[in-house]
Structures are given as C-alpha cells and as structure tokens.
1. Can you tell me which of B:Gly177, B:Gly155 is on the phi > 0 side of the Ramachandran plot, outside any helix (DSSP H, G or I) and more than 14 Å from chain A (Cβ to nearest Cβ)?
2. Does at least one position in segment A:115-122 carry a residue that is surrounded by fewer than 21 Cβ atoms within 10 Å (Cβ to Cβ) and within 18 Å of the chain's Cα centre (by Cα)?
3. Out of B:Arg3, B:Arg64, I need the residue that is free of Cβ contacts under 8 Å to residues at least 24 places away in the same chain and out of contact with any Gly (no Cβ under 6 Å at 6 or more places or on another chain). Which one?
4. Just one of B:Tyr169, B:Tyr188 is of a type in the set (Phe, Trp, Tyr), in contact with a strand residue (DSSP E or B) (Cβ under 7 Å, 6 or more places away or on another chain) and within 14 Å of chain A (Cβ to nearest Cβ); which is it?
5. Would you check if there is a residue in segment A:162-169 being surrounded by fewer than 17 Cβ atoms within 10 Å (Cβ to Cβ), under 30 Å from A:Asp37 (Cβ atoms) and at pLDDT below 95?
6. Among the listed residues A:Tyr43, A:Tyr54, which satisfies the condition of being crowded, with 24+ Cβ neighbours inside 10 Å and not in a helix (DSSP H, G or I)?
7. Confirm whether A:Ser78 is closer than 30 Å to A:Leu5 by Cβ and either crowded, with 17+ Cβ neighbours inside 10 Å or charged (D, E, K, R) (or both).
8. For A:Arg40, work out the one condition from (1) out of contact with any strand residue (DSSP E or B) (no Cβ under 9 Å at 6 or more places or on another chain); (2) free of Cβ contacts under 8 Å to residues at least 40 places away in the same chain it doesn't fulfil.
2 protein chains.
Amino acid sequence: MERDLPIGIFDSGVGGLTVYRALHERLPNERFVYLGDTARVPYGTKSLTTVERYAVENARFLARHGTKLLVVACNTASALALPAVRRAVSIPVVGVIEPGARLAVARSRRRRIGVIATEATVRSRAYATTIAHLAPDAHVIERSCPLFVPLAEEGWADTTVARLVAEEYLEDLRDSGIDVLVLGCTHYPILRRTIQQAVGEGIKLIESGEAVAEEVAQLLEERSLSARVKRDERERRLGDDLDHFYVTDAAERFARVAERFLGQAPTVLEAVEI
Amino acid sequence: MERDLPIGIFDSGVGGLTVYRALHERLPNERFVYLGDTARVPYGTKSLTTVERYAVENARFLARHGTKLLVVACNTASALALPAVRRAVSIPVVGVIEPGARLAVARSRRRRIGVIATEATVRSRAYATTIAHLAPDAHVIERSCPLFVPLAEEGWADTTVARLVAEEYLEDLRDSGIDVLVLGCTHYPILRRTIQQAVGEGIKLIESGEAVAEEVAQLLEERSLSARVKRDERERRLGDDLDHFYVTDAAERFARVAERFLGQAPTVLEAVEI
C-alpha cells in the first residue's frame, strides 16, 4: 500500500544527510531512500536552468523508485527548482526553505533575521521573499559563504582556517542587530560551532532539518500516509528492508563523509547514473 | 582547408584559461575554441568513470565544431581520460601531464620532484608514472590540495586564508629536499605567489601552459597543420573571426573570472548544453 512506501530525499551531495538524520529521528517508523547527486555537486554556483534540470532528474529518479513523498533537502534546489519539481512528479513535495523561514520567524524577537546560504540561494531571494510573506515587518540580511561547502567536505570544520573564513564572511552580521541566523545550506550545520563563534553567542542559529521533519510528519498525518508497521518489526521480518542510499558518483568518498555525519556508514549504498 | 581550422581546448572550468593564454602567446596566428564545463566543475573530486564520460562528451563537442587539434587543458581529465578521448575523436590530442612532467625533469637538478594536484590526479599517479618513464632515478612526492580550486574561484588567491591553507598543505614539501614543484592543476597558477611563499624561494614552480604550447607548436609543424594566414590579417578581413568561448553553465561568472585571468573579458562567449 502507498503508506508503506519509503520517503524520498535528495540533495546535491552529503549535506542533505543532516536533514535525513532529523527525519529519521522524528519518524522512526518510516523508511527512506536518499539520493546524493555527487557527480554534479555543487549546485550553489550554478544557474537557475541547470539547477532546475538536475533537480527534476533527481525527483523523477526517486519517484520511479516508488516513494510516497519527496523531500528536497538541498537549499539551492528548494530555492530555485521547487515549482519545476512539483510539475514533474505527482507525489507531495516538501522543500527546506519554508520550514526554515517559519522557524526563524518564530524564534526572532527583534524581527531582524540573518540568512547565510550559497550564491544561487542568495541570488534567488527565496528566504527573503518567504520571510516577507510570513512576517511583513521582518528585516532580512543575506550573505553567501561559498567556501563553507568545500571546507565542510574537506573535514576542516573546526580549524583556524575555517574560523578565519567565518570571521571574514560574518563579521558585519555580528553587529547588524540580528537575533537569529538561518543556516540556509544543508552543509552549514557541520560548521555550526565555528559559525556560532564568529557571530557570538547572542545570535540563535536555525537549522531547517528539525522544522522539515515536523512538516513532513504533519503532511503524512493529514494525508493518511504514515507507515503502519513499526520499523523495528519490519526489519526483523525483512532483513533487506533498510534505508537505501544512492549517489551519482564517488560512493567511497560519500560513505566516508556520511560516517562522520551519521556516526555510521550507510549499509545499502549504490552508485547510479541519472 | 584543415590547417586553417581552429585549435580546440577544454577544461572543467576557468582554470584552462592559463593554458589558453600560453597557447595564444606562443601561436599568434592560430584561432582557438575554448570549452569550459562549468556545469560539472570540479572534476578533481570525481571518479574515473565520470571524468572519462565528461571528457569524451567535451572532446566530441569540440570535434563536431571543426577543430584540427585538441588540447585537454584540465589536469584531472588528462590524468584519467586521455586514452578514452583519443579513442573518441580522430584529431590529434595533447594533454597537460606529459609536457609538465618533461619540463619538471629538465629543470630538476636534484632529481627530487614535488607535484601538487587534485585528489583524482594524485590518486591516478599519472605524474609519478610519467616522470618515472622520463627519469627512472627521479623521486616524486605528490600532495592533493582540494581547497586551492575554490579559493582561486572565490578570488581569494592572495589572502591570509590562502596563505594559511597553503602552509598547511605544503609544510612538509618545504623541507622534503625537492627543487621543483609542478603546479599539477590549471587553477594553481592563480595562487602562484602564495604557493611560492609557502614552499620558499629555493623551489622552482613548474606551470605546464608554456610546455603544452611548445608541444602543440611542434605537432602543428610536423603535421603541416600550422595556420597559413596571419591572424591580424584575418581579423581585419572577417570581423567575427575571433576566438570562441563556450561554457556549459553560468556564463556571467565565467566572464568575470576570465577577465581577471586574461586582462579582458572574452568577446564571443556562449552557453551550451552538452
């Protein structure tokens, strides 16, 4: 039955695993299929047309594999390609921008909200537009931080270099009067400590993973799509019924980074061509 | 006639422009068609299969456009995909590894040669293998420097951050007894000053651009493929007969970085899908 199908998640690479982790914790009965488009990462420096094409290809791949709901875990793809993805597949689609924006608005008292993201996400003004809808009186300051993704991928999150880069990018945000800062790229939670240091303890950091998990939980409930069988029971019954991870390239590198993220390497990991 | 056709050059992005510049200076009568695969950059973190596929697609695109010779300006593609590219097209193909290795051997007195390159190039051992053929007694030390490409693309070549990153990557090369260091990625010449500082003035840096231009000049001569008409005359006769630049994505960003590299933005720049 449809409700027993897995939930599809895609990201440009490993960053979306931070969203996967939040979903997995919030919805322990659900199964997941994750696709990391590691052959074409990064998305954040690419154009609207290209990001749309890649996102639609990823969404179709996951829809073909039998998923009941699709989470676009990549901020850049959510900012640029959500309408195109919704046209391309018939299952419900959840992006990461709106849940993150909603959480930021809920947590900001001063109504001054900072957003850090990739060049493409910032250029799209997706966060500013969404926040303006939710809270017309809110003031939004956006900054792109292109070196954060390669620093996270290189495993240099807590180095002097990362701290210097963060200070360079975030110096003016520190004294801009914002009280919350949205980590508007799924890679950035890996640099959380370094970012917090650079902006100071007075600014709350917002990760969208948790908010996305909450939205997905509600949607499943509303549409009677929640899995009926407990995950533990199912795993006892069917040994191979585990979460499935696909990458478009370099599975080994993905497994290494995923292990750092999740505490363990993915059991079922497969390289595919899209 | 065949000899009047342009020379094709491709790279994963803007880095190959350092090779284009050297070719343009050495062969002022030739015309060039440059393809930067900006939609799929970087290649250096990708697998053999994927780099081969991308390189063959790029080579076919340039061959279809009527070129008499093909320069693979990307070190990663040269290291991993030269045999596949040669099978895919019928024109002569020149890579950047062998000319660079030859120059390094010629300039090293101590027969201790350092090579810095992308992860994929280092993993391929292409430089070590080529140098071993040319000088069996030479000792080669290779290091990958993944953050150099994003630093160059971000325009941070001469910053404190770049200097710290260079020191971190190159500290042990400094005292390893090498007397030459090959810049085994076409992006690295942009960080030349920072790299020289990190390893000290005693080590000669080797860029392959010049060596590649020399090899191409010889090949054109041997095969009677040199252009007959002087470039200046041709440009006077045909206004549109200029070097042509193609990118697979984000032409604006390419133009901006190209201007920094070449001193002027490309006149004819077109985005294509491959």
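1. Working: B:Gly155 fails: more than 14 Å from chain A (Cβ to nearest Cβ).
After applying the criteria, what remains is B:Gly177.
2. Within segment A:115-122, the subset surrounded by fewer than 21 Cβ atoms within 10 Å (Cβ to Cβ) is A:119.
Remaining after also requiring within 18 Å of the chain's Cα centre (by Cα): A:119.
So far as segment A:115-122 goes, yes, one or more of its residues are surrounded by fewer than 21 Cβ atoms within 10 Å (Cβ to Cβ) and within 18 Å of the chain's Cα centre (by Cα).
3. Working: B:Arg3 fails: free of Cβ contacts under 8 Å to residues at least 24 places away in the same chain.
On inspection, the qualifying residue turns out to be B:Arg64.
4. Working: B:Tyr188 fails: within 14 Å of chain A (Cβ to nearest Cβ).
When all the criteria are applied, what remains is B:Tyr169.
5. Taking every residue of segment A:162-169 in turn, none turns out to be surrounded by fewer than 17 Cβ atoms within 10 Å (Cβ to Cβ), under 30 Å from A:Asp37 (Cβ atoms) and at pLDDT below 95.
6. Details: A:Tyr54 fails: not in a helix (DSSP H, G or I).
Criteria check complete, one pass: A:Tyr43.
7. Working: closer than 30 Å to A:Leu5 by Cβ: yes; either crowded, with 17+ Cβ neighbours inside 10 Å or charged (D, E, K, R) (or both): yes.
In short, yes.
8. So A:Arg40 meets the others, but not (2).
The values are calculated or read from the model by the stated rules, or taken from the named source; none is laboratory data. The structure presented is a predicted model; accordingly, all values stated were derived computationally and were not measured. FYI the Cβ positions are ideal-geometry reconstructions off the backbone, even for glycines, and counts take in every protein chain you see.
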